[in-house]
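Structure first, commentary second.
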Amino acid sequence: MSSSTGFQTWLRPEPAGLYCIPGDFHIDPAAAVPRAVITHGHSDHARPGHGAVLATADTLAIMRLRLGEAGAAHGQALAYGAPLTIRDVTVTLVPAGHILGSAQIVIDYRGQRAVISGDYKRHHDPTCEAFELVPCDLFVTEATFGLPVYRHEPASQEAAKLLASLEDFPERTHQIGVYGLGKCQRLIALLRQAGYQRPVWLHGALRSMTDYYVARGIDLGDVPAVADAPGKLAGEIVLSPPSALGDRWSRRLADPLSGFASGWMRIRGRVRQRGVELPLIISDHCDWPELLQTITETGAGEVWVTHGREEALVHELGKRGIKAGALRLVGREDDAE
C-alpha cells in the first residue's frame with residue numbers, strides 16, 4: 001500500500017506488526033519484540049515475551065493475569081491523555097471503549113498525527129471508559145464487522161430479551177456463552193441496569209477477570225461460582241465460555257437453554273452452526289454505520305484498515321473520496337467477539 005502523504009516513511013506494517021520507525025516500537029505485535037505498545041488485553045493484541053510494554057495500567061494488569069509475569073515483565077503504565085515522548089514521537093493513550101483499559105494509540109510526529117484505534121466501540125458500556133474521538137491525519141481502524149449487514153441491536157434490548165426468556169422458561173437454566181474478558185462483565189452490568197438482582201452464576205474460567213473488574217470498583221452484584229451451587233440452577237442465569245455450550249460441563253444444569261452474546265449472532269448461519277437457542281446481538285465492536293461515522297468524524301485524509309472485512313470497508317471509503325488501504329496484518333482473530 002503506497003502513501004502519498006508519507007506515513008509509510010515512519011509507520012509501516014512488518015511481519016511482527018505495525019512498526020513506528022522514529023519511536024522504534026511495534027503496536028500490538030503478533031510476535032515478541034523489544035518494545036511494544038499494546039491497545040488492550042485480548043489475546044490477539046496482547047502477547048507474551050516482549051522486552052518492554054507500554055499500555056494502560058489496566059491492560060498491564062490484565063496481561064499479567066492472563067499471561068503471568070512474562071506478559072508484561074517490563075511494563076510501563078501510561079494514563080489516558082498523558083503524552084509521552086519516545087525518541088522523536090509523542091505517544092498518547094486515549095480510551096477506545098472496547099473493554100476495561102482499552103486504548104487508542106495516538107502518535108504525533110513532525111506535524112502529522114496517526115491514530116491506531118485497536119478494537120473500539122461507540123455504545124455506552126458501564127464497565128469501561130467511553131470511546132474518545134481524536135481528529136487525525138491517518139486513522140487505522142479495525143473492520144471486524146465491516147459489512148453493511150452488520151447493524152447491532154441496542155444492548156439493553158438484548159438483555160431484556162434474556163430476561164423475558166427467563167420468565168418464559170423458569171424451569172430451565174439459561175446458559176449464556178460469553179468471552180471471558182469484557183463481554184462477560186458487560187452482560188452482567190447490562191442485567192443489573194435492567195433491574196435483575198439475582199445471582200449471575202459463573203463458570204470457573206470467568207472468575208479471575210470478573211474478580212479483577214470488581215476489584216477495580218465496577219459493581220457487578222452477586223456473581224457466585226457454579227461449582228458452589230446447591231442444585232441444578234433451574235430458572236437462573238449461568239455465564240460460561242462459548243466452548244462450554246453443549247459440553248459435558250452443562251450436564252450439571254437444569255435442561256440448559258443455550259444462548260450466546262456476540263455480534264456474530266446477527267448471522268443466522270452462525271446461530272445454527274453453534275446450536276444456539278437464544279442469540280443475543282451484543283458486540284464490543286462498532287457495526288458498519290458506526291465504523292463509517294467514526295472514520296468521517298476523525299477527519300482523516302487516509303485510512304488503513306486491519307483485521308476483518310477489509311475489502312468492503314476500503315471499497316466504501318474509496319467511493320466517499322477517502323484514501324484507504326488494507327494492512328492485512330497477521331494474527332488478528334475475530335471469532336472470540
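The values are calculated or read from the model by the stated rules, or taken from the named source; none is laboratory data. Because the structure is predicted, anything quoted here is derived from the model rather than measured. Cβ sites come from the backbone with ideal geometry, for glycine too, and all protein chains shown count toward neighbours. We work out accessible area using only protein heavy atoms, side chains counted, and drop any ligands, DNA or RNA first. Shrake-Rupley method; radii C 1.70, N 1.55, O 1.52, S 1.80 Å.
Here are a few things to note about the model shown:
- Computed extension length for ALA225-SER156: 22.4 nm, one decimal, from 0.36 nm per residue of separation with the Cα-Cα distance subtracted.
- Accessible surface calculations at 1.4 Å, restricted to protein heavy atoms, place the chain at 40 Å² per residue.
- Amide H to amide H distances under 5 Å link PHE25 with CYS20, where only residues 5 or more positions off or on other chains count and H is placed in the peptide plane.
- Converting phi to 3J(HN,Hα) with the Karplus coefficients 6.51, -1.76 and 1.60 and the offset θ = phi - 60°, region 299-308 yields x, 5, x, 9, 10, 10, 10, 9, 5, x Hz in sequence order, with x at every glycine or proline.
- Bridge type composition, the chain - antiparallel percent by DSSP, nearest 5: 35
- The chain - percent of accessible surface contributed by carbon and sulfur, probe 1.4 Å: 50
- Here each label is just a point 7 Å from Cα along the line to Cβ, and for GLU69 and LEU133 those points are 4.5 nm apart.
- Scoring 11-24, 91-104 by mean Cβ neighbours within 10 Å over their residues and listing the highest first yields 91-104, 11-24.
- Mean separation of Cα contacts under 8 Å (6+ apart) over length of region 243-295, as relative contact order %: 32
- Region 88-110 residues near the modelled ASP24 label - backbone nitrogen below 13 Å, point 7 Å along Cα→Cβ: 88-89
- Built amide H within the under 5 Å cut-off of GLY17, gap 5+: ALA30
- Computed helical MRE - 222 nm, the chain, DSSP H runs ≥ 4 contributing -39500 (n - 2.57), nearest 500: -6500 deg cm²/dmol
- Highest to lowest packing among 264-271, 284-291, 314-321, scored as the average C-beta count within 10 Å: 284-291, 264-271, 314-321
- Heavy atoms of ARG274 accessible to a 1.4 Å probe, total area in Å² rounded to 10: 110
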